[in-house]
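This report refers to the structure that appears directly beneath it.
The values are calculated or read from the model by the stated rules, or taken from the named source; none is laboratory data. Owing to the predicted nature of the structure, the values given are computational and were not obtained by experimental measurement. We place every Cβ from the backbone using ideal geometry, glycine too, and count neighbours over all the protein chains shown. All accessible areas refer to the heavy atoms of the entire protein, side chains included, with ligands and DNA or RNA removed. Shrake-Rupley method; radii C 1.70, N 1.55, O 1.52, S 1.80 Å.
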Amino acid sequence: MTLHSFVQITTRKRALCVVLVLFMLSILIRLPNLNRAVSKHYEFNTAVVMINIISWRQAGGGDKFHYTPVMNFQHPGDKLPPNNLFVDKNGNTVYLSYGPGWYVIPYFFYQLLNLPAVPIYLEILNLVFHVISVSLFFFLLEQLIPSGEPRRYSIIMAGCIFMTFSPGILWFLGNGYINIGIMLPFDIGVFLLVLPMLNDSAKISASRLVPLGILNVVLIYIDWYILFFSLLTSIVALFKFRLDKKYGWLLFVLILSVASGIVLVFIQFASYMGQEAVAGYWFHRFSDRGLNLAGSSFTKKLSYLLAYFLTSYLPLIILLLISFLNGWRRKILPVWSDSEILFLRLFTASLLFYNFLLFDWSTDHEFAILPWSILISFIAARLIGSLTNKMAYRMMGFFIILAVAQYYYINRPGPIARDGLPYDRFKKLGESLSHIPPDYSICINLEQNPMVEYYAGRNILRAADSLSFIHQMDRYTRCIRADQGSRIAEFFHFAENTQFDIQPFHHYFNNPIAGGNIFHVISEIARLDSFHNH
């Protein structure tokens with residue numbers, strides 16, 4: 001072994017150790033927020049996953065639903081009239097917007113370890129996905145950055161630090177469990193396999209194509225992003241096919257794996273809900289989540305999307321700009337390799353397609369920009385490599401301090417959030433509802449709040465008054481076929497004001513499918529403060 005190779009190995013191991021040690025530090029930073037009551041900043045995702053785990057367990061296992069995600073518990077009072085669209089024949093509200101992977105993975109994690117359905121274990125699982133993502137990102141940077149680049153492993157360490165400490169990453173790969181977060185390591189795995197094949201046809205082999213196909217299927221099972229990346233990669237492979245026929249194999253695997261993933265998800269959902277229901281659900285959801293400007297302008301919605309970059313990556317954006325301006329002034333900007341340029345073009349284009357074809361969804365959810373962390377971290381790391389050692393270390397220290405400060409500013413440690421809302425408020429309300437008999441349905445003038453439902457162990461129907469409730473029932477039953485009719489007799493509760501007292505009122509609905517006839521209604525409605533999710 002030559003002295004040069006020994007130094008390279010030592011530097012590589014040292015760099016990877018530093019990255020893992022700093023990841024452990026990131027866990028310590030998140031400790032004040034871990035295992036608190038689910039409440040804000042998209043923790044509704046945690047709540048719906050917990051509800052699904054509990055519901056599948058109540059029913060005797062996820063196989064009873066063919067592992068179709070459900071949004072309700074299994075008490076009689078938590079069911080709705082079936083409508084063959086988003087409520088199944090047994091009155092369960094299903095969720096078919098994405099593949100069920102992000103529900104199935106935590107379910108089996110909890111089942112295999114026999115864990116109670118409490119959020120802390122989901123947060124731990126999320127941290128596992130984070131450390132895997134950072135580790136794979138290390139190898140991706142190692143593959144992208146030319147071996148002759150000065151301070152190569154310092155640049156790689158910088159990129160991994162950005163992927164560890166950016167405020168959005170600290171949250172969404174900690175408390176804020178979401179399908180976009182757990183797909184990141186699989187995405188990076190695809191990049192690690194695809195890029196060498198696109199750069200050199202000699203590397204197109206079964207040892208890469210087979211795992212690539214498997215990863216694509218897994219990614220479709222979790223989220224739709226890989227559709228866009230695979231589409232663009234297929235176009236590149238198609239152009240290269242004219243020069244080298246081996247790219248036909250890459251093109252074949254990309255198309256086959258993506259199509260197989262879509263068919264797998266469709267068949268699984270259709271085996272439980274029926275083909276028409278799944279097709280109708282997907283069409284309805286895409287219409288809602290595409291470029292829909294009803295009630296708002298494109299500019300206004302775009303401003304929301306851009307604001308998410310500031311809440312998630314502000315320290316990284318500042319560092320990127322400073323590094324770029326310094327390099328531009330000194331005329332020492334990085335020289336990008338062909339592999340890096342190909343990655344930047346493919347990844348940037350796929351992210352733009354992803355966020356703009358699902359524009360309405362992206363502008364409503366901060367976590368929609370989570371995959372951008374890979375791109376921004378890579379670019380910032382390459383730019384910081386053009387700084388002097390002293391300035392680079394100062395900038396890294398500045399980034400970590402500012403990132404942690406922003407993380408704590410948005411998600412203040414302690415019992416009360418920055419906006420004055422106690423973190424346990426949803427828990428208290430939910431627990432106050434938990435004693436209601438399971439055959440009663442609960443109605444409150446409260447926007448959908450799965451955090452409250454999780455702690456109540458019950459589902460809540462939003463209704464300001466009895467008339468609103470009738471309209472809700474009409475909406476749920478509007479799509480029911482004639483052969484699905486059934487008679488329902490239920491009691492309903494309305495919540496009173498600030499003390500969260502619950503008083504029963506007898507709302508007997510005889511045959512809501514026939515028109516929701518009310519024989520007896522006695523109710524006193526008091527509006528409850530709306531619990532907005534922040």
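Here region 168-210 has 60 percent of its accessible surface on carbon and sulfur atoms, given a 1.4 Å probe and all protein chains in place. Spatially, region 429-443 and region 73-97 are offset by 18 Å when compared through their Cα centroids. Model label sites at Arg57 and Asp419, defined 7 Å from Cα along the beta-carbon direction, differ in position by 3.1 nm.
A simple packing score, the average count of other Cβ atoms within 10 Å per residue, orders the peptides 322-331, 222-231 as 222-231, 322-331, with the highest score first.
Measuring nothing but protein heavy atoms, the accessible surface of region 285-406 at 1.4 Å probe radius is 71 percent carbon and sulfur.
Probing with 1.4 Å while keeping every protein chain in the model, the per residue accessible area of region 66-115 equals 33 Å².
Over region 326-447, average the accessible area per residue using a 1.4 Å probe and give it in Å², no decimals.
Here the residues of region 326-447 average 43 Å² of exposed surface.
In plain terms, the chain from Asp288 to Glu447 could stretch by 55.4 nm, reckoned as 0.36 nm per residue minus the Cα-Cα distance. Surface composition of region 1-106: carbon plus sulfur atoms contribute 68% of the solvent-accessible area (1.4 Å probe, protein chains only, all chains present).
Applying both filters, DSSP loop and at most 16 other Cβ atoms within 10 Å, to the trypsin sites (Lys or Arg not before Pro) of region 384-425 gives Arg418.
Give me the 1.4 Å probe accessible area per residue for region 144-273, excluding ligands and nucleic acids, in Å². If you can, show how the numbers build up before the last one.
Working: 4400 Å² over 130 residues.
Each residue of region 144-273 exposes 34 Å² on average to a 1.4 Å probe.
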